[in-house]
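Okay, structure first, notes after.
The values are calculated or read from the model by the stated rules, or taken from the named source; none is laboratory data. As the structure is a prediction and not an experimental result, all values here were calculated from the model. Here the Cβ is made from the backbone with ideal geometry for all residues, glycine too, and neighbour counts use every protein chain on show.
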Amino acid sequence: MLNEQLINPKSIVVVGGSNDIKKPGGKIVKNLREGGFKGILQIVNPKDNAIQGLPSFSSVNELSETGLAILAIPSKFCLETIRILVEQKNTKAFIIISAGFAEAGEEGKRIESEIVALVNSVEGCLIGPNCIGVLNENYKGVFTSPIPKYTSNGCDLISGSGATAVFIMEAGMPLGVKFANVFSIGNGAQTSVEDVLEYMDLHFDITKDPPIKLLYIETINNPKKLLKHAASLINKGAKIAAIKAGSTAEGSRAATSHTGAIASSDLTVRALFKKAGIVYCSSREELLSVASIFNYKELTGKNIAIITHAGGSAVMLADELSKGGLHIPAIEGSDANKLLSFLHPGSSVNNPIDFLATGTAEQLGIIIDYCEHKFDSIDAMIVVFGSPGLFDVKNVYDVLSVKLEVCKKPIFPVLPSIVNAQKEIAAFLNNGNVNFPDEVVLGRALPQVFKTPKPIPKDLVLPEIDIATIREIIESVENGYLGPRNTAKLLDAAGIPRVKEVFESDKEKLLSKFQKKNFPLVMKVIGPLHKSDVKGVILNITTIKKAAKAFDKLMEIKTARGVLAQPMLHGLELFVGVNKEENFNHTIICGLGGVFVEILKDISAGLSPLSKLEINKMISSLRGYKMLQGARGKEGINIEKYIEIIQRVSALVEVAPEIIEMDMNPLIGNPKDIKAVDVRIRVEK
């Protein structure tokens, strides 16, 4: 846990401080001195008596007590140095810049573990090792540049990569993105991204603390902690965007079901972020675009007016907004005609509102006023205004700056002329604004922010299920896939409707259970993992004779253990799957079954436990959602029943966390009913 000695130290020692500002130890001393640190600054360097005008000690033994130690020395010297600081100098906060620890091999890992144990023994805080350090209002404890000016309403940045933190700051500052606290956690030996977020949550005050949190995460050590504190911060008024790197599943394990084939760490992380209310970003560019969006008024509706003097930019922007689910509605009627009368001939107000390259600041102000007060269908505006280099556009940007402040509807400025209008853009940013230099990047990010839901309330209620029976089954089975009988029992105990089926390895026993009313049948081989790959499913069996022939054919398949027979149902094929990533809650996946999940991967995912609202959003986000509703004369399904089944699956895995994979493909749905037809459940205890 972060402590006062790290956040607001009264004294700092730089172990490994240098006169050479091209070295980390030298640059840290320079940044601390120029960054306004007001406490006692001590330097340890056995080779020099003075470092950058300050006296230098030859050993940490010579120091007075110090609150924070920043180490820029080889890893092999860090353990003993920290031991002296902990035991003799009352030091309880450490930033280790040095590399060569767990990332370098077993010996480095051992040293890192011993350092953590030492720091923990005095309830201290360790940032790093292998990091760039910490930036905050009180001190600039990093060896890098640039050093952004601390802004209390700027962005807090927590990064698992020091270089990435630098790149984010470098790219953000020219956009007008401002920064507050920056934590580079490096290896995260003791303090993780989740721990920093927890501290921010526990101490958050919306009236004085930075409202925007940006995260770059390489490892999620504690998903539940991340979910808890991110959701808490957002509920308090903060906004969070994050990149999770290293989320692909290649090489992680062999896929043994449809769920296994489509599930990935990325899918699970996206589900976690969605549940917490975190905006998922795929790049630094997108992260900064989202941060810029956070700086403006919140978008509360889908209808956007594009105001521009550049037709091509407007077309590209409209394309991206539409792809993301936002609308650019036509603007028509008497007010539209009146607006057109204020503009130059050849202008258009249909939306995009194009007021030509000769458009003036006055015209821009009139257009914005009409969108704000006259066009009720418009929820927000995007203004694209660059410069061909013919005239000064400062007056245009001044009008825009005023409108950003006074309008209730959000306005997002795209000022792309970073060369021709460099001075004018700089003045615009100096007024406290943020610029989007690329309309396509904004067009991709804005729908992502709009579609990210608020955190789900903690007190969601799951359906009642037979917990005792479920636990009895789980505790009695071995690891691996459940047999058909235990699978059926588990579904029944969870209240998940299923088609009635017969399983036998003996043909005569199987045939004796058929009656005329059972036909037509589906017969499936039991044993092979992927039945369709071995032609292990036979449809539309209408007689006992055909059933006997089908049994023989299926049992000829290698690894066949028996045959399952069930009535043949008609309706739309659906899919529900479950996957369990280590340390995460279960990821529940839904979509259309058959080709839609196997090839097109038209799926949506959520993290258990799932509320009805979450499931409804999952289903409605499917590309094939209109098929579920019924389209082109074909029946849809009972969506309420589909929601209930998914929520019952969530209830099942909550009481049976040993279920690490579950595959219901297909369920057959129609307007009246939905039943599971083929189900595989894998347990690992």
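Filter the stretch 318-342 down to residues that are over 40 Å from the mean Cα position of the chain (by Cα), in contact (Cβ under 8 Å) with a residue 24 or more places away in the chain and in a loop (DSSP other than H, G, I, E, B), then give me how many there are.
Residues flagged as over 40 Å from the mean Cα position of the chain (by Cα), in contact (Cβ under 8 Å) with a residue 24 or more places away in the chain and in a loop (DSSP other than H, G, I, E, B) within the stretch 318-342 amount to 1.
Could you check, for the stretch 654-666, whether at least one of its residues is in contact (Cβ under 8 Å) with a residue 12 or more places away in the chain, part of a helix (DSSP H, G or I) and more than 30 Å from residue 447 (Cβ to Cβ)?
Initial filter on the stretch 654-666 (in contact (Cβ under 8 Å) with a residue 12 or more places away in the chain): 654-666.
Within this subset, residues satisfying the condition of being part of a helix (DSSP H, G or I) are 654-655.
With more than 30 Å from residue 447 (Cβ to Cβ) added as a condition, the list becomes 654-655.
Yes, that holds for at least one residue.
When you go through (1) farther than 27 Å from residue 653 by Cα; (2) among the basic types (Lys, Arg); (3) in a helix (DSSP H, G or I) one by one for residue 558, which number turns out not to apply?
(3)
Would you point out which residue out of 529, 521, 510 is in contact (Cβ under 8 Å) with a residue 24 or more places away in the chain, touching a Pro at 6+ places or on another chain (Cβ under 9 Å) and outside the structural domain of residue 599 (by TED's automatic domain parsing)?
Values: 529 fails: touching a Pro at 6+ places or on another chain (Cβ under 9 Å); 510 fails: touching a Pro at 6+ places or on another chain (Cβ under 9 Å).
Matching residue, one of 529, 521, 510: 521.
Let me spell it out: the conditions are (1) modelled with pLDDT under 60; (2) surrounded by 21 or more Cβ atoms within 10 Å (Cβ to Cβ), and residue 255 meets all of them except one. Which number is the exception?
(2) is the only condition that residue 255 fails.
If I ask for residues that are surrounded by fewer than 14 Cβ atoms within 10 Å (Cβ to Cβ), among the aliphatic types (A, V, I, L, M) and in contact (Cβ under 8 Å) with a residue 12 or more places away in the chain, which ones from the stretch 109-140 would you list?
122
Given the conditions (1) part of a loop (DSSP other than H, G, I, E, B); (2) over 18 Å from residue 162 (Cβ atoms); (3) in contact with a Phe, Trp or Tyr (Cβ under 8 Å, 6 or more places away or on another chain), and given that residue 2 satisfies all but one, which numbered condition is not satisfied?
Against the list (1) part of a loop (DSSP other than H, G, I, E, B); (2) over 18 Å from residue 162 (Cβ atoms); (3) in contact with a Phe, Trp or Tyr (Cβ under 8 Å, 6 or more places away or on another chain), residue 2 comes up short only on (2).
Is it the case that some residue within the stretch 646-669 is surrounded by fewer than 17 Cβ atoms within 10 Å (Cβ to Cβ) and among the small types (Gly, Ala, Ser)?
no
Considering the stretch 90-105 alone, what residues qualify as being more than 32 Å from the chain's Cα centre (by Cα) and without any contact (Cβ under 8 Å) to a residue 40 or more places away in the chain? Let's see the steps before the verdict.
Kept after step one, since they are more than 32 Å from the chain's Cα centre (by Cα), are these residues of the stretch 90-105: 90-92.
Scanning the stretch 90-105 gives a single hit, 90.
Please list, ordered by residue number, the strands (runs of 3 or more DSSP E) wholly in the stretch 90-177 having 1 or more residues that are among the basic types (Lys, Arg) and touching a strand residue (DSSP E or B) at 6+ places or on another chain (Cβ under 9 Å). First the steps, then the outcome.
Numbers: elements: 93-96, 125-127, 133-135, 140-142, 150-159.
Qualifying strands (runs of 3 or more DSSP E): 140-142.
Can you find, within the stretch 272-317, the residue that is nearest to the chain's Cα centre (by Cα) among those that are more than 30 Å from residue 157 (Cα to Cα) and without any contact (Cβ under 8 Å) to a residue 40 or more places away in the chain?
So, considering only residues that are more than 30 Å from residue 157 (Cα to Cα) and without any contact (Cβ under 8 Å) to a residue 40 or more places away in the chain, the one nearest to the chain's Cα centre (by Cα) is 315.
From the residues in the stretch 395-414 that are over 16 Å from residue 361 (Cβ atoms) and part of a strand (DSSP E or B), which one is nearest to the chain's Cα centre (by Cα)? Quick ask: steps written out before the conclusion?
Let us first name the residues in the stretch 395-414 that are over 16 Å from residue 361 (Cβ atoms), namely 408-410, 412, 414.
Keeping just the survivors that are part of a strand (DSSP E or B) gives 412, 414.
Details: 412: 23, 414: 25 Å.
Ranking the qualifying residues of the stretch 395-414, first place goes to 412.
Could you tell me whether the stretch 443-462 includes any residue that is of a type in the set (Phe, Trp, Tyr), assigned to a helix (DSSP H, G or I) and in contact (Cβ under 8 Å) with a residue 12 or more places away in the chain?
At the first step, the residues of the stretch 443-462 found to be of a type in the set (Phe, Trp, Tyr) are 450.
Applying the additional criterion that residues be assigned to a helix (DSSP H, G or I) yields 450.
In the following step, the residues that additionally are in contact (Cβ under 8 Å) with a residue 12 or more places away in the chain were identified as 450.
Looking for residues that are of a type in the set (Phe, Trp, Tyr), assigned to a helix (DSSP H, G or I) and in contact (Cβ under 8 Å) with a residue 12 or more places away in the chain, one finds at least one in the stretch 443-462, hence yes.
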